[in-house]
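*Asks:* Submitted below is the structure of interest, expressed as structure tokens.
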Amino acid sequence: MKKFKRPILITKPSLPPIEEYKKEMNKIWESGWLTNSGYFHEEFKKRLKQYFKVENIELFVNGHLALDIAMKALDLKGEVITTPFTFASTTHAIVMNGLKPVFCDINENDFTIDVNKIEELITEKTSAIIPVHVYGNPCNVQKIDEIANKYNLKVIYDAAHCFGVELEGKSIAAFGDISMFSCHSTKVFHSIEGGILSFKDKELKKKLSLLKNFGISGPEAVELVGMNAKMNEFQALMGYLNLKYIDDNIEKRKRLVYKYRELLKKIEGIRYLEDIEGVKHNYSYFPIVIDENVFGKTRDELYEKLKEYNVFTRKYFYPLITDFECFKDEYNSENTPIAKYIADRVLTLPLYNNLEIEAVEKICNIIEKIRLESAIRFFKTVIQIS
């Protein structure tokens with residue numbers, strides 16, 4: 001089978017028609033207002049509130065600083081329970097706030113935090129739970145809410161993967177004390193870079209606004225120590241326009257995901273995630289888990305082999321947070337065995353709005369070919385030995 005003529009990348013950003021962006025960008029030039037809550041910043045917020053059906057939204061320059069500020073706004077102390085199966089940002093924000101991450105294992109069904117293991121990790125030092133919605137799959141928010149109420153804990157959801165996801169008709173943005181969404185260009189929805197915080201307590205609005213703008217509340221007033229985490233007008237304009245297309249883009253991704261599932265279910269040694277009942281998915285990623293004993297190759301071998309066909313995948317999330325150089329002396333990844341198992345075997349396949357169905361079919365055919373070649377070599381070896 002011939003390789004793709006052009007590289008099939010793991011993702012490509014969705015962009016509005018360039019004419020639309022240029023036309024609206026003229027307003028930025030005319031006003032000369034580039035940052036500090038300009039016209040598009042405020043219009044983007046309004047549209048987000050309508051889309052999420054929530055009352056409280058704040059925008060930030062990126063998701064990491066949004067998460068960082070969420071922890072500061074809730075004045076967290078001591079320990080927070082979280083998952084090691086996430087992107088570096090989640091844990092780094094915790095540590096850089098002077099907090100100690102306590103890692104809970106994930107469940108093997110959707111790779112989110114195992115709610116049945118949270119309570120045993122709670123101590124008198126625990127101040128919050130920071131779960132991660134993974135690949136667009138929401139955590140068990142009802143159970144987490146019960147635990148948080150029982151122990152008087154705050155809940156901040158890392159919802160970086162979950163833009164547009166709904167649970168029983170309710171936006172995922174409506175859960176927890178705060179939810180953080182990443183608007184990085186690799187996400188299903190983006191504003192070039194950017195972050196969103198949705199929050200329940202409207203009293204947090206002032207503090208969040210101060211924290212992202214050096215604590216400045218007026219021309220000569222600085223109320224608290226803050227940072228610079230403001231979203232600028234060019235980012236806000238991109239988000240403002242992309243929001244018009246998000247539902248159509250999710251539908252396109254859904255068709256690609258369903259094609260992947262249809263073809264990969266025939267290939268032994270590959271597992272993928274299914275839709276969850278009651279969840280409106282955003283199809284942000286398509287992860288597969290490789291059982292090397294059945295497939296005949298390890299995840300790493302498949303990753304390298306696919307590159308020979310010009311198909312570029314991603315080991316996401318890998319390595320596990322507790323295997324990072326900066327954490328491995330303090331934590332043991334064997335204490336979260338399911339997270340360790342998945343991290344060592346997970347591979348996300350190419351998925352983006354304008355990926356052709358034919359490309360998905362060819363990728364699956366290539367994977368099947370790699371599997372068959374491995375099986376043939378195995379049987380030849382067995383015959384030679386016998």
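The values are calculated or read from the model by the stated rules, or taken from the named source; none is laboratory data. For clarity, every value in this text was computed on a predicted model and none was experimentally measured. Quick reminder, even Gly has a Cβ in these numbers, built from the backbone with ideal geometry, and neighbours come from all protein chains shown. For the accessible areas, the whole protein counts, side chains as well, though only heavy atoms, and no ligand, DNA or RNA atoms are used. Shrake-Rupley method; radii C 1.70, N 1.55, O 1.52, S 1.80 Å.
*Asks:* Kindly check whether there is at least one residue in the stretch 209-226 that is touching a residue at least 24 places away in the same chain (Cβ under 8 Å), under 19 Å from LEU48 (Cα atoms) and open to solvent by 50 Å² or more (accessible area, probe 1.4 Å).
*Replies:* Scanning the stretch 209-226, I find no residue that is touching a residue at least 24 places away in the same chain (Cβ under 8 Å), under 19 Å from LEU48 (Cα atoms) and open to solvent by 50 Å² or more (accessible area, probe 1.4 Å), so the answer is no.
*Asks:* Related question: Where residues in the stretch 331-364 are in a loop (DSSP other than H, G, I, E, B) and not polar (S, T, N, Q), which of them is most open to solvent (accessible area, probe 1.4 Å)?
*Replies:* Only one residue fits best here, namely GLU356.
*Asks:* Give the stretch 8-41 a look and list any residue that's within 16 Å of ASN232 (Cα to Cα), surrounded by 15 or more Cβ atoms within 10 Å (Cβ to Cβ) and among the small types (Gly, Ala, Ser), or say none.
*Replies:* Result: SER37, GLY38.
*Asks:* Let me confirm something: among SER191, SER89, SER179, which residue is crowded, with 16+ Cβ neighbours inside 10 Å, assigned to a loop (DSSP other than H, G, I, E, B) and polar (S, T, N, Q)?
*Replies:* Exactly one of SER191, SER89, SER179 is crowded, with 16+ Cβ neighbours inside 10 Å, assigned to a loop (DSSP other than H, G, I, E, B) and polar (S, T, N, Q), namely SER191.
*Asks:* Being in contact (Cβ under 8 Å) with a residue 24 or more places away in the chain, crowded, with 18+ Cβ neighbours inside 10 Å, under 19 Å from the mean Cα position of the chain (by Cα) and more than 26 Å from VAL289 (Cβ to Cβ), is that true of even one residue in the stretch 92-114?
*Replies:* Yes, that holds for at least one residue.
*Asks:* Also: Of all residues being among the aromatic types (Phe, Trp, Tyr) and over 21 Å from ARG6 (Cα atoms) in the stretch 287-326, which is most open to solvent (accessible area, probe 1.4 Å)? Just the residue, please.
*Replies:* Within the stretch 287-326, the match that is most open to solvent (accessible area, probe 1.4 Å) is TYR318.
*Asks:* Name the pairs whose Cβ atoms lie under 6 Å apart, with the first residue in the stretch 317-343 and under 20 Å from PHE286 (Cβ atoms), the second modelled with pLDDT of 95 or more and among the basic types (Lys, Arg), and 6 or more positions between them or separate chains?
*Replies:* Partner pairs satisfying both residue conditions: none exist.
*Asks:* Assuming HIS184 fulfils every condition listed in (1) touching a His at 6+ places or on another chain (Cβ under 8 Å); (2) open to solvent by less than 20 Å² (accessible area, probe 1.4 Å) apart from one, which condition is it?
*Replies:* Condition (2) is where HIS184 drops out.
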